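S.K.: Structure in structure tokens, see below.
The values are calculated or read from the model by the stated rules, or taken from the named source; none is laboratory data. Not measured: the values here are computed from a predicted model. Positions of Cβ are backbone-derived with ideal geometry, glycine not excepted, and every protein chain shown enters the neighbour counts.
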Amino acid sequence: MSESPSRGLFVTGTDTGVGKTVIAAAFILYLRAQGVDVAGMKPFQTGFRSVRTGLRGDASLLARSAGTKEPSNLINPCSFRDPLAPLVAADREGRQTSLVPVEDAFAALASRHHFVLVEGVGGLGVPLTPGETVADLAVLLGLPLLVVVRAGLGAISHSVLTAEYAWKKGLEVKGFVLNGAHAPPTLAERTNPAAVEAATQLPVLGVLPRLAGRRAQVAAALGNRVAVWARLAAALGLPGGGEARTPGGEPVCV
């Protein structure tokens with residue numbers, strides 16, 4: 001365990017559609033099973049007009065997984081109609097974007113909860129404001145990264161490029177989760193974990209399977225992959241790095 005536990009984690013991906021939200025929700029469920037008071041946050045969300053009628057999409061899944069009753073504008077401060085990069089989506093609506101409401105919302109959640117898990121949008125280079133990207137938001141919030149990577153072909157290059165960009169911004173990368181592996185795994189899926197670790201000198205915390213079903217069900221199933229989350233919890237200095245409890249409540253030695 002680290003000497004001083006992290007106050008939060010920023011979950012990003014090497015691309016859009018790699019499963020960031022389900023991975024984030026699974027880790028939230030795992031942390032709750034360890035007794036950690038955790039809140040989930042989706043600062044920027046596109047594809048939805050507003051949160052005035054309640055949380056939707058990724059933000060809703062994170063909030064439900066955390067079991068918190070926080071105001072929608074804290075969990076998802078910025079929401080836009082078109083499923084595009086936030087800066088582009090905002091421009092199409094004639095709106096301006098700013099990291100200020102996100103920083104304020106994070107501070108409010110961090111004052112009420114032991115740990116805040118923040119999910120980005122797309123990859124680290126996605127523009128949020130003129131001149132600021134997802135990586136800049138992670139820097140502003142002072143959070144380390146978990147990088148979700150598609151398990152198959154392309155994982156090595158995508159992981160290296162993401163790690164290099166993160167380091168350029170001064171961000172700490174706690175490790176990778178390779179997501180969506182087939183059963184049985186392809187040749188690339190079998191060899192990628194070792195290759196990613198060799199190329200980046202960073203840990204692959206686990207390889208998670210491709211699962212069918214509603215996202216909440218998939219998150220619950222992945223939350224039981226205790227070994228993966230125990231390694232991440234240990235890297236963050238959080239409970240659950242040794243003998244851990246599954247979201248179902250049974251102790252599991254990892």
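S.K.: So, in segment 172-201, of the ones that are touching a residue at least 40 places away in the same chain (Cβ under 8 Å) and under 22 Å from P144 (Cβ atoms), which residue ends up surrounded by the most Cβ atoms within 10 Å (Cβ to Cβ)?
M.R.: V177
S.K.: Please go through segment 129-175 and pick out each residue that is small (G, A, S), within 28 Å of A105 (Cβ to Cβ) and not in a helix (DSSP H, G or I).
M.R.: G131, G142, G170, G175
S.K.: Being assigned to a helix (DSSP H, G or I) and in contact with a Leu (Cβ under 6 Å, 6 or more places away or on another chain) is the requirement here; does A108 meet it?
M.R.: It is true that A108 is assigned to a helix (DSSP H, G or I) and in contact with a Leu (Cβ under 6 Å, 6 or more places away or on another chain).
Yes/no matrix, rows are residues, columns are (1) of a type outside the set (A, V, I, L, M, F, W, C); (2) more than 17 Å from the chain's Cα centre (by Cα):
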site	(1), (2)
Q34	yes, yes
T46	yes, no
P71	yes, yes
A89	no, yes
S98	yes, yes
V102	no, no
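S.K.: Cβ-Cβ under 8 Å, sequence separation 6+ or interchain: first residue in segment 89-108 and in contact (Cβ under 8 Å) with a residue 12 or more places away in the chain, partner part of a helix (DSSP H, G or I) and acidic (D, E). Which pairs?
M.R.: L99/D136
S.K.: If you don't mind, another one. Determine which member of the set T162, T68 is among the hydroxyl-bearing types (S, T, Y) and within 17 Å of G17 (Cα to Cα).
M.R.: T162
S.K.: Looking only at segment 111-128, count every residue that is outside any loop (DSSP other than H, G, I, E, B) and closer than 18 Å to L238 by Cα and tell me the total.
M.R.: The number of residues fulfilling the criteria is 6.
S.K.: Turning to a different aspect of this structure: Which of the residues that make up segment 120-153 are charged (D, E, K, R) and under 26 Å from A195 (Cα atoms)?
M.R.: R150 - this is the single residue of segment 120-153 that is charged (D, E, K, R) and under 26 Å from A195 (Cα atoms).
S.K.: Can I ask one more? Looking at A151, A155, which one is surrounded by 19 or more Cβ atoms within 10 Å (Cβ to Cβ), in contact with a Gly (Cβ under 6 Å, 6 or more places away or on another chain), closer than 17 Å to I23 by Cβ and modelled with pLDDT of 95 or more?
M.R.: One residue alone meets the criteria, A151.
S.K.: Looking only at segment 162-171, which residues are in contact with a Leu (Cβ under 9 Å, 6 or more places away or on another chain) and either surrounded by fewer than 20 Cβ atoms within 10 Å (Cβ to Cβ) or over 24 Å from V118 (Cα atoms) (or both)?
M.R.: The answer is Y165, K169.
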